[in-house]
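The values are calculated or read from the model by the stated rules, or taken from the named source; none is laboratory data. Treat the numbers as computed from the prediction; the structure is a model and nothing was measured. All Cβ positions, glycine included, derive from the backbone under ideal geometry; neighbour counts span all protein chains shown. Heads up: the accessible areas ignore ligands, DNA and RNA and are worked out on the full protein's heavy atoms, side chains in. Shrake-Rupley method; radii C 1.70, N 1.55, O 1.52, S 1.80 Å.
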Amino acid sequence: MSRRNWYLITNAFVVMWLVLTVVAVTVHRFVDEPLWLMIHVPLLGAATAAILIWSQHFSDTLLRRAAPGGRAGLAVRLLLHTVGVVLIAVGILASLTPVAVLGATIVGLAITLHAVLLTLQYRGALPARFRPLVRYYVAASIVFLAGIAVGATMAATASPELDDRLATAHVVLNAFGWIGLTALGTLVLLWPTVLHARIASSADAAARIALPLLLAGIALAVAGPLVDAPVLVSAGMLVWLAAAGRLGMEGVRQARAMPPATFSAWSLASAYGWLVVSAGAIAVIAVTAPDWASVRSTYLMVLAPLVVGFGVQIVMGALSFLLPVVTLGSPSAAKVGAEILNAGAAFRVVVFNGTIVLYLLPMPSVARVLLSLVTAGMVVTFVFLVLRAIVIGRRVRRDEGSEPDRGSRVLLGVPSASAPAAPPRRVGAVTAAFTVLALCVAGGVAADPAATGITVAAGVDDVVASGETTEVTVRVEGMRFVPDELQVPYGDVLVITFENTGDDVHDLTFANGMRTQRLAPGSSQTLDVGLVGADLGGWCSIAGHRQMGMELSVVVTGAPDVGEPDNPAEQGHDLSHGDGAPSASSAADDIDLARQPGPGFSSWPAALGPAPETTVHRITLRVTEQEQEVAPGVRQERWTFGGSAPGPVLRGSVGDRFEITLVNDGTIGHSIDFHAGALAPDEPMRTIQPGETLTYSFTATRAGIWMYHCSTMPMSMHIANGMYGAVIIDPPELGPIDREYLLIQGELYLGPQGETANAEAIATQNPDLITFNGYANQYVVAPLSATVGERVRVWVLDAGPNRPTSFHIVGAQFDTVYLEGAYTLRPGSMGGAQALALQPAQGGFVELEFPEAGTYPFVTHIMSDAEKGGTGHFIVD
């Protein structure tokens, strides 16, 4: 096989992993480990495959000696790596720990072989100027083996605290060790080559000095988690940064002599920058976070620049230069390929890096999705250009053998090797890039105008202006505005600086229509309320916050005595309902439980399967805000865990460990509280803002059915609006059954059609609808099934937030009752039970056998609630 074809085939593995990276971004919402998938496909897949190929290529070039085993040895390494990564992915996504450990072992074997062969090649080579650079590749391989061992330990451990500590070591070893060392060592030679700059002798010295410092920094940073000393992580990363900075100084000197002018050069420079930024962020986080769990959840913010900005971008930048040179053969073909891969360079680099910068800023969730799609689009564009460059470049080379290169010929719209390239239009390209980024942000704003819009004040034409301005600063303390009364002279313009000093998202809305955008904690905005001629009400318009006390009043002083106005709106009186939106009829007016559900109705799956055999349960819960039907013809905006209300059911056994990743894809702050875990609530139950992520880990120590719910205030609003679910921890002596169901009772306090729950109605504790599993009377339309003589278990949880329940099956008797972790009735007793009585957040199960065929209604025996939708049917054949 020719050298060209060999590199085409091996680099097909890298391109394959880049394509799978785009697939991972596309499907991540539908898998249990989305964050793991989006990190490891590009880094463990694409970047690692590229390292195996190109570190061997550079070693062969620098040492002027082929590696032992030659191409066959590299082929074995690539195949082992590919099989190993696939097994790791299957094991993680399917919670099959032995499969994941097997995959890690196979990848470790590939890296061990890589390190051994490079070492043998290095030791057998003659002295050469850049021979010491091969040490970077050997050292990186050894560090990566430690990272693989740590990752395998994380997959097998049952200790949440140990897992959090090892996660930090895992990131340092793999990202800054394996990929970082390899990249920095390669850039010593690749960077000036891309720039066509001279390599100064100081670059050699810098490389020799930097390697031991880089390794010392990694060792120190990894020691931090192992000895429970976060300060060592910070110290180690600072040492690492100093060494990386020394290499960066050489790169800056070379760039001054020959400024970057291609996609490859700009991408390599940007990748180096993101690597340094990520290392600095981890150094700061390690000494500012209160514990290892917080360190882990906080450094999630650096994953976008680390994975995409560094990992993906350095692969694209390097391949853009290397592929045409190595795979296309002739100078003319290589030039054509390079020109294709450089197409739209300025636009692509600005868009790619701009999306990462914007993603790190406070941004509507829709905008983040658009930015992610644009980033994925840039990767797809790169893959397309690679394929195009190879096809056209090889055609140019083939044509060179049959006809002379006339220079003026144009092949498929691409200038031939001697055709002069058009000067790059960088200003226009950069302008277009910023336009794309602005459209992403604008699209996010347009999708959530309530979160970002500012309306225009009206009704001040009859106020005599004083020409003065009153300026006031309003802050947040708990769920209060401070101050909550503002005295403003008649005719003044009121300008308010609103500082969100609370721990949740808030806004400030006034009755004249003026409002701030929704502000994250720590943010501020100055708002011109307008000319003030009468008292004016203000409040936070986020659902439930006003009912918690977030109101203020503007009191006018020195107003002329003109009598009482007939229209209360002239005095700025609030004409809105509880959340600050204009008055609208309640969806309760549309309740008709005799109607059939709307098109596409599908009942919530009440049937339960057995608990998974695994003892470690890793689950990702994404907070979403979506409109759903909750009764025939009644739709509400529901806040959900995992896209449904109730959220997904989690099930395990006593002693099992649960690792839940909460991702807030909503527009306001949310949190989660698992009653199944006993731990201090300060960190794991804290409210996270839109776009943020936290990890909540606990070990199930007691059996029962446990509620989980959003604990962000007002808690009643978040629960009533759908943010609840169940965790079932099986009692050790749980008997065999034929069918098993789960029913979670909830309450609906309806706002207008398509909007959120009515916070004021929640306070009355008088719901409009009662549901089992989120939809009124759904199991009347889609009954649950059983067969005479079968043993049936029904788990019941009362999610509240306010009403108790008394679960009863008409025509049936319970021979087993399990209430709040203990049996109150067991089989074999002469006694029986007719109802399972529960207060909010309580649960249990009943067991029974239906005596004969028929329809058995089940209800909450608080009959007025049953008549509001708390009813379903068992069809027994």
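List of remarks:
- So Leu52, is it in a helix (DSSP H, G or I), touching a Lys or Arg at 6+ places or on another chain (Cβ under 8 Å), open to solvent by less than 60 Å² (accessible area, probe 1.4 Å) and within 20 Å of Ile314 (Cβ to Cβ): yes
- When residues of region 750-764 are limited to those that are touching a helix residue (DSSP H, G or I) at 6+ places or on another chain (Cβ under 6 Å) and part of a helix (DSSP H, G or I), the one farthest from Glu627 (Cα to Cα): Ile762
- Pairing residues of region 818-832 that are among the aromatic types (Phe, Trp, Tyr) with residues that are open to solvent by less than 40 Å² (accessible area, probe 1.4 Å), at Cβ distances under 6 Å and at least 6 apart in sequence or on separate chains, gives Tyr818/Gly844; Tyr818/Phe845.
- Residues that are within 15 Å of Ala543 (Cα to Cα), in contact (Cβ under 8 Å) with a residue 60 or more places away in the chain and open to solvent by 10 Å² or more (accessible area, probe 1.4 Å) within region 690-713 comprise just one, Met713.
- Residues that are within 28 Å of the chain's Cα centre (by Cα) and among the hydrophobic types (A, V, I, L, M, F, W, C) within region 609-639 comprise Ala611, Val616, Ile619, Leu621, Val623, Val630, Trp639, listed in sequence order.
- Just one residue in the set Arg793, Arg826 is modelled with pLDDT of 95 or more and not acidic (Asp, Glu); that residue is Arg793.
- Restricting region 273-302 to residues that are surrounded by fewer than 23 Cβ atoms within 10 Å (Cβ to Cβ), more than 22 Å from Gly691 (Cβ to Cβ) and of a type outside the set (A, V, I, L, M) leaves a set whose member that is nearest to the chain's Cα centre (by Cα) is Asp291.
- Residue list for region 191-205, filter: free of Cβ contacts under 8 Å to residues at least 60 places away in the same chain and outside any helix (DSSP H, G or I): Arg198, Ile199, Ala200
- Complete set of residues in region 805-849 that are in a loop (DSSP other than H, G, I, E, B) and closer than 23 Å to Asn773 by Cβ: Val810, Gly811, Ala812, Glu820, Gly821, Gln834, Ala835, Gln839, Pro840, Ala841, Gln842
- Only listed residue being surrounded by fewer than 21 Cβ atoms within 10 Å (Cβ to Cβ), modelled with pLDDT under 95 and either in contact with a strand residue (DSSP E or B) (Cβ under 6 Å, 6 or more places away or on another chain) or more than 24 Å from Phe641 (Cβ to Cβ) (or both), chosen from Thr756, Thr764: Thr764
Condition check ((1) touching a His at 6+ places or on another chain (Cβ under 7 Å); (2) modelled with pLDDT of 90 or more; (3) open to solvent by 20 Å² or more (accessible area, probe 1.4 Å); (4) aliphatic (A, V, I, L, M)) across all residues:
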residue	(1), (2), (3), (4)
Ile340	no, yes, no, yes
Phe352	no, yes, no, no
Tyr359	no, no, yes, no
Ala367	no, no, no, yes
Leu371	no, no, no, yes
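- Residue among Thr764, Thr787, Thr756, Thr805 that alone is among the β-branched types (Val, Ile, Thr) and closer than 30 Å to Arg702 by Cβ: Thr805
- Picking from residues in region 327-338 that are open to solvent by less than 10 Å² (accessible area, probe 1.4 Å), in a helix (DSSP H, G or I) and aliphatic (A, V, I, L, M), the one that is modelled with the lowest pLDDT is Ala333.
- Tally of residues being closer than 21 Å to Arg657 by Cβ and surrounded by fewer than 19 Cβ atoms within 10 Å (Cβ to Cβ) across region 714-735: 4
- Among the residues examined, Phe30 does not qualify as touching a helix residue (DSSP H, G or I) at 6+ places or on another chain (Cβ under 6 Å), open to solvent by 30 Å² or more (accessible area, probe 1.4 Å) and not aliphatic (A, V, I, L, M).
- Restricting the search to strands (runs of 3 or more DSSP E) fully inside region 623-674 and requiring at least 1 residues that are of a type outside the set (Phe, Trp, Tyr) and open to solvent by 30 Å² or more (accessible area, probe 1.4 Å) gives 634-641, 650-653.
- Which listed residue is in a helix (DSSP H, G or I), open to solvent by 60 Å² or more (accessible area, probe 1.4 Å), out of contact with any Pro (no Cβ under 8 Å at 6 or more places or on another chain) and farther than 30 Å from Phe384 by Cβ, from Ala115, Ala104, Ala72, Ala100: Ala72
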